[in-house]
Each structure stands twice: as structure tokens, then as C-alpha cells.
Amino acid sequence: MIVTLYFIIYLNLINSLSDYNSQDIIFEVISDGLNSLIFDDSYVKICFLVMILSKYDKITFIDFDSIFSAYYNAGIIKKEFKSKNIDIYLPDEYEFVSLINKIIKSINGSSILVLDSINSFYNMYYKKLSQNQEMRVSEIQRIFSSFTMLLVKYCNEFNIPIVVTSFMSYKKEKEWILSIPNKRLTQKKSNVLLYIGENENKGMYVNIMSHPILGPKTIPFKYDLSLSRIE
């Protein structure tokens, strides 16, 4: 049985090139499985994540690329979580296992779990990969997949949505191409698959690529963080 958690994201839907009407859109976040967000612009991803997370009271955030933390610690998005309880973790190779254990033990107190920019997970093992000829990327991939599916198992047990974000390597015609380590986990294991992008006019949108309830569609949205982009 698929358990869904409903939250309202306030999106400004574009009716024409110059006319914006505000409308409430209901997204169904699946708490029985994995929700994946693909992105190619970190700023757009941050806007969408802040918009989603502002609907939850207790947030557990694993920040692999440190960008979300940079915005938060700089005070840029901290006001969005003023009344929230948010735990942000910056994992490294030596503490990752103990971090996963800590999160599992306290997961029942969370409202949502985010693993942000899973591409950067492999950077933690870059030195080992370069020094150890016997260690391959596929082994690191198996390690991450095992930890992720373990987290999914415990999140499902407590009906907690788990969101994973992944950087898109490049776009080929109409197909989004992911880096090899992320492709299997993101495309094969996800119940929900969203692409978060920006058009040529700097308009942000979410493309629903896969969802057990909602059909494929593209929805423009606006979310102003009133900040300059951090590259």
C-alpha cells in the first residue's frame, strides 16, 4: 500500500508570457519509496528544496555538496526555517557510517529526510579511488545504494518521505543523462522522479517525469530567495 503525504507548494503558474496567476498545486510525496529530484542548476534546486521543506516541521538534511549549508549559514535561507527544527549534516568518509547509524536511530522523530547532491558522495572516496587500483567506482556505487536503500527501509517504516537530489550530467535531445553512479538508483529505484530546471527566460519549472499518481507534466514556478547565486 502506497502511503502519501500531501503538502501544498505555492506555485505561480504561467498563463501567458506576461501574465502570472497564483494557484495552489498539490504534490503527493510518496513515503513508501524514493523521491528523486534531478537538477542542472544549484540555485533552482535550492529554491525548490526550500519551497518543499518549508512545509515540514522536523527536517533531516544530509548535504553532500555543502551548497545548502552555505545558503543556510549565510542567513540567506535561515529565515525560511525560523520556526522549524532542521538538522544539517556534512558527511565525510570517516564519519559516514556513524552518521547513518545516528540518523536511523532518530529517524522516527523526523518529518522528511533529504540526501542532497548524491554525485558529491563519490568525492569523499576520490583519494581512495586514485590510490587503490582494486577499488572501483562500482564498489562505491554499491556502498551508497546499500546505505540509501537502508534509509528508505526505515523511512518507509515510519511513513517519512525521503528525497534524493542528483546533478544532471548533460541533456541529449529530450533525454536527461545522469552520471553512471547515479543512474540506476535514480531511474530504477525511484517512485517519484522530478526534473527541476530553468528556461531561457530564467523561469523555473518542475517536470514530473515519473509519479505513481500524477501524470507527466511541466509546471512553471517562482520562488524568490532575494539573493545572488552562489556558484
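Legend: calculated FRET efficiency, K202 to I143, from the Cβ-Cβ distance at R0 = 35 Å, rounded to 0.05, equals 0.40.
Simple spin-label estimate for Y94 and S66 gives 1.6 nm between the two label positions (7 Å along the Cα-to-Cβ direction from each Cα).
In cubic angstrom, how much convex hull volume per residue do the alpha carbon atoms of the stretch 47-154 span? Could you put the intermediate results ahead of the total?
Details: hull volume 11.2 nm³, N = 108.
Convex hull volume per residue, Cα atoms: 104 Å³.
No value in this document is a laboratory result; all are computed from the given coordinates. These figures come from a predicted structure and were not determined experimentally. A quick note on method: Cβ atoms are made from the backbone with ideal geometry, for glycine too, and the neighbour counts reach across all protein chains shown.
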